[in-house]
Amino acid sequence: MILAAALIFAVVAVNSATVATPQPPTRVVKRASTCTPVAGQGSSIDDTPAIQSAIASCPSGTIVIPKSTIYHINTAFSFTGCSGCTLQIDGTLQASSNTTYWGGRRSIFLMDGITGATVYSTTGTGVIDGNGQAAWDLFAANSSYKRPTLFYINNSRNVKVSNLHFKSAPNVFHSVTGGSSNVSYSNITLYAVSASANVAHNTDGWDIGQSTHVTIDGAVVTNDDDCVALKAGCSYATVTNISCTGSHGISVGSLGGGVGSKDTVEHCLVRGATMINSAKAAGLKLYPGPPEHGTAVVSNVTFENFVLQNTDYAFQVQSCYGENTSYCEANPSTAQIADVIVRNFSGTTSTHYSPNVANLDCPAAGTCGLTLSDITVTPPKGSAVFQCANTPSNLGVPCTDGASG
């Protein structure tokens with residue numbers, strides 16, 4: 001009797017193990033420390049809960065997004081519960097184009113208060129698609145529409161993002177702020193080009209705010225705003241081996257915009273950049289002074305080894321950012337610029353400001369500790385002209401009056 005019951009139980013167990021049953025979208029297939037969320041197999045099914053369930057099941061393991069599979073991110077995605085987790089993306093995570101849902105939200109993907117996370121592709125086929133065309137078109141018709149950042153890191157540390165392709169961010173691609181530290185990006189491609197007459201406005205590659213030790217190494221960016229922006233509170237950021245096409249350049253700022261503010265960017269390095277068809281290669285964006293604005297400190301920042309191709313300016317200092325000339329004359333910038341080094345820039349500018357290759361409008365009521373060296377950038381015709389205002393005598397390049405902005 002006991003033997004017969006055991007045999008019946010064994011047959012039932014084997015049969016039940018071989019019967020394929022439909023899986024709900026939140027189903028997670030777990031093997032040891034690896035979890036694979038089951039995709040809903042359709043854009044109408046939100047796969048966010050399935051992936052977040054996988055993070056809950058494997059908080060320090062690996063969550064796998066398989067190659068040739070699309071997961072639909074129809075609601076905001078949070079890394080809550082991740083503690084040393086790895087999100088291995090070899091397929092595609094695609095946000096919905098629902099502008100009503102995404103309007104006013106901070107981000108599509110959010111890491112907030114996370115310690116230890118890796119997001120990468122083993123095959124190089126991993127894609128995070130912001131599906132931003134509808135947002136760009138709506139923003140063109142209604143500039144008050146608030147679009148989300150694609151991937152937002154706040155108050156997090158020890159985060160690695162690598163070997164991934166990000167496309168069509170509705171707004172900024174990546175933000176790092178909130179006291180985050182030790183965040184690294186490597187071998188990243190960012191691409192935002194509109195298919196309509198409405199350009200992909202404000203698609204900054206990276207906005208690096210209040211944080212320390214953020215690194216970007218090996219990036220190819222095509223977008224329609226800053227390639228990288230070092231914003232208020234950024235310190236010890238390093239950007240190396242980056243290519244930027246169609247961008248507004250690699251910028252410090254904008255800084256000092258808020259009433260009573262004192263924004264700082266310090267101890268940063270940008271080395272090895274190819275700037276193609278961009279508004280500038282690099283520069284500083286500083287608001288004028290009170291009463292409508294604050295001030296800024298930019299200290300120990302180096303830009304070196306840049307190659308320009310058809311880029312409007314090699315370097316630009318703006319101390320009248322966001323205001324008109326009359327305001328700036330009455331309320332000049334009080335920003336402090338110290339130990340900002342620009343060196344080894346080569347290549348050619350565009351015809352846009354030719355023969356001017358730089359526009360250096362330093363703060364009239366502040367300081368300008370700026371030096372340029374080994375600048376061999378040439379305009380399409382004639383000799384290079386460096387427009388200057390309020391610059392130091394040891395700037396390092398011959399100056400011509402007329403800088404503004």
Of Thr295, Thr325, which residue is in contact (Cβ under 8 Å) with a residue 60 or more places away in the chain and surrounded by fewer than 21 Cβ atoms within 10 Å (Cβ to Cβ)?
Thr325
Sort out which residues of region 186-198 are more than 22 Å from Asn154 (Cα to Cα), buried (at least 17 other Cβ atoms within 10 Å of the Cβ) and not polar (S, T, N, Q), and write them in order of number.
Tyr191, Ala192
I need a count of the residues in region 331-357 that are touching a Gly at 6+ places or on another chain (Cβ under 9 Å) and under 30 Å from Thr295 (Cα atoms).
13
Would you mention how many residues in region 298-315 are within 16 Å of Ser346 (Cβ to Cβ) and either out of contact with any strand residue (DSSP E or B) (no Cβ under 9 Å at 6 or more places or on another chain) or surrounded by 24 or more Cβ atoms within 10 Å (Cβ to Cβ) (or both)?
7
Does region 257-270 contain any residue that is outside any helix (DSSP H, G or I), closer than 30 Å to Asn163 by Cβ and in contact (Cβ under 8 Å) with a residue 40 or more places away in the chain?
yes
Of the conditions (1) surrounded by fewer than 17 Cβ atoms within 10 Å (Cβ to Cβ); (2) under 17 Å from Val159 (Cβ atoms); (3) of a type in the set (A, V, I, L, M, F, W, C), the single one that Cys85 does not satisfy is (1)
All positions within region 173-201 that are over 13 Å from Trp136 (Cβ atoms) and part of a loop (DSSP other than H, G, I, E, B)
Phe173, Gly178, Gly179
Single residue of Ala384, Ala403, Ala389, Ala338 found to be touching a strand residue (DSSP E or B) at 6+ places or on another chain (Cβ under 8 Å), touching a residue at least 40 places away in the same chain (Cβ under 8 Å), in the same structural domain as Glu266 (by TED's automatic domain parsing) and buried (at least 17 other Cβ atoms within 10 Å of the Cβ)
Ala403
With Pro288, Pro332 as the choices, which residue is in contact with a helix residue (DSSP H, G or I) (Cβ under 8 Å, 6 or more places away or on another chain) and either of a type outside the set (Gly, Ala, Ser) or not in a strand (DSSP E or B) (or both)?
Pro288
Within region 169-177, does at least one residue satisfy the condition of being aliphatic (A, V, I, L, M), within 12 Å of the chain's Cα centre (by Cα) and more than 30 Å from Pro288 (Cα to Cα)?
yes
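The values are calculated or read from the model by the stated rules, or taken from the named source; none is laboratory data. Since this is a predicted model, take the numbers as computed values, not measurements. Every residue, glycine among them, receives a Cβ derived from its backbone with ideal geometry; neighbour counts consider all protein chains shown.
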